[in-house]
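The values are calculated or read from the model by the stated rules, or taken from the named source; none is laboratory data. These figures come from a predicted structure and were not determined experimentally. No Cβ is skipped: glycine too gets one built from the backbone with ideal geometry, and neighbour counts run over all protein chains shown. Protein only, heavy atoms only, side chains kept; ligands, DNA and RNA dropped before computing areas. Shrake-Rupley method; radii C 1.70, N 1.55, O 1.52, S 1.80 Å.
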Amino acid sequence: MEFLRPDSLAGALAARAANPGAVPIAGGTDVMVEINFDHRRPESLLDLGHVPELHEHGTDGGRIRIGAAVPYTRIIAELGTRLPGLAMAARTVGSPQIRNRGSVGGNLGAASPAGDSHPALLAADAEVEIASVRGTRTVAAKDFYTGVKRNVLEPDELITAVLLAPATGPQQFSKIGTRNAMVIAVAAFGLALHPDQRRVGTGIGSAAPTPRRAPDAEEFLAGELDWDSPRPLADSVKRRFGDLVAASAAPIDDVRGSAAYRRHALGVMARRTLTWAWTEYCGGSAKCA
C-alpha cells in the first residue's frame, strides 16, 4: 500500500488528481477501523494530517469556515458558543481520543447515515467546500449525501472545509444509542431555530439511507412559533412536530434497533429538543416549555 503525505493543500490536490484511487485519511477514526478489519484494502492512502490549511478555522463572508481536519475537541472549545448545535453533536462522538483525532470533514467523507455531525450540519444549513486541481465548489449539506456511505465527491476532489453561519437562535442535538457512551447512534436529531429568518432547521441521523431534513416539520413549526412574543407551545404542536419528523424518516430494522423504534425515538427527540430550544428562546422561562 502506497502512503502519500503532502504538506500543502496544493500538494494534496495534485496527489489526489494523480491517484484517484487513494483514500484520504486525516484522523483515521473511520478508515483505520475498516482497514484493520479487512473491510477495505485501498491501493494507497492520502495522509492529510500535515496539510495546515485543513487544520484552520476562520470567517468567510460572515460565515464560519471550519477546515476539514479541525478536530472535534477544537470545535467544542473554540466554536461552541457560535455553533452550539455542532458542538453538542461533537461532544457525543466516541471517546476523548477519537474527538482529538476525528473531524467533521472525515464524518462527511465517510457519509455514514449514523455520522454524529450530520444532523447538526443539516439543521444549521451548512455548506461543504470541495476542491480539486480544477477549482473549488460548494454544495449544500442537504445535497451532499447520495446514498449509504456515498457522496457527491468526484474521484479527484477533496473536502476542504465546512461553512456555517453563526447561530442566531437556540440549537439542540439529541442522540440515542444502545449504551451511554462510545456508541453508534440508533437515531439522532438536530434542531436549529433561525429567528432572523422566521425559520426552523432540522436534521435526522441514522434513520434513512442518508442523513436528511424534515421539511414538512420545519414548515409546520415555523408557522406555529410566535417569534416576536414567545408564548407556551401547546402539547398538540409538539406532538405534531414530532409526528412530522418521524414521518420524514425511512428507517430499517438492524442489530441496533427496529424501524418502529427509530421512528418512535425520533418523535420523542423532536419534542424534547423543541422544548429545550423554545425554553431557551424564551429566556430560560419554564412558562414557555
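For region 244-273, what are the residues that are of a type outside the set (Ser, Thr, Tyr) and more than 16 Å from residue 176 (Cα to Cα)? Break it down stepwise before answering.
Within region 244-273, the subset of a type outside the set (Ser, Thr, Tyr) is 244-247, 249-257, 259-260, 262-272.
Across region 244-273, the qualifying residues are 244, 247, 250.
Tell me which of these residue 165 doesn't satisfy, since it passes every other one: (1) open to solvent by less than 40 Å² (accessible area, probe 1.4 Å); (2) within 18 Å of residue 65 (Cβ to Cβ); (3) among the hydrophobic types (A, V, I, L, M, F, W, C).
Of the numbered conditions (1) open to solvent by less than 40 Å² (accessible area, probe 1.4 Å); (2) within 18 Å of residue 65 (Cβ to Cβ); (3) among the hydrophobic types (A, V, I, L, M, F, W, C), the odd one out for residue 165 is (1).
For region 171-182, how many residues meet the condition of being of a type outside the set (S, T, N, Q), in a loop (DSSP other than H, G, I, E, B) and either open to solvent by 70 Å² or more (accessible area, probe 1.4 Å) or under 16 Å from residue 79 (Cβ atoms) (or both)?
Final tally of qualifying residues: 2.
For the subset of region 193-218 comprising residues that are among the charged types (D, E, K, R) and in contact (Cβ under 8 Å) with a residue 24 or more places away in the chain, which member is nearest to residue 167 (Cα to Cα)?
196
Check region 266-280 and report whether any residue there is modelled with pLDDT of 95 or more and in contact with a His (Cβ under 9 Å, 6 or more places away or on another chain).
no
Given 167, 126, which one is under 14 Å from the mean Cα position of the chain (by Cα), under 22 Å from residue 87 (Cβ atoms) and of a type in the set (Gly, Ala, Ser)? Walk me through it before giving the result.
On the way: 167 fails: under 14 Å from the mean Cα position of the chain (by Cα).
Testing whether each residue is under 14 Å from the mean Cα position of the chain (by Cα), under 22 Å from residue 87 (Cβ atoms) and of a type in the set (Gly, Ala, Ser) leaves just 126.
Which condition number in (1) under 14 Å from residue 66 (Cα atoms); (2) open to solvent by 40 Å² or more (accessible area, probe 1.4 Å) is the one that residue 96 fails?
(1)
I need the full set of residues from region 6-51 which are modelled with pLDDT of 90 or more, under 20 Å from residue 100 (Cβ atoms) and open to solvent by 30 Å² or more (accessible area, probe 1.4 Å), in order please.
Of everything in region 6-51, those that are modelled with pLDDT of 90 or more, under 20 Å from residue 100 (Cβ atoms) and open to solvent by 30 Å² or more (accessible area, probe 1.4 Å) turn out to be 24, 49, 50.
Give the number of residues within region 107-131 that are farther than 19 Å from residue 208 by Cβ, touching a helix residue (DSSP H, G or I) at 6+ places or on another chain (Cβ under 8 Å) and open to solvent by 10 Å² or more (accessible area, probe 1.4 Å).
Residues meeting the conditions: 1.
Quick check on my filter: what residues within region 132-161 are assigned to a loop (DSSP other than H, G, I, E, B) and open to solvent by less than 30 Å² (accessible area, probe 1.4 Å)?
156, 157
Taking the condition of being of a type in the set (Gly, Ala, Ser), in a helix (DSSP H, G or I) and either modelled with pLDDT under 95 or more than 19 Å from residue 123 (Cβ to Cβ) (or both), how many residues in region 63-90 meet it?
Qualifying residue count for the region: 1.
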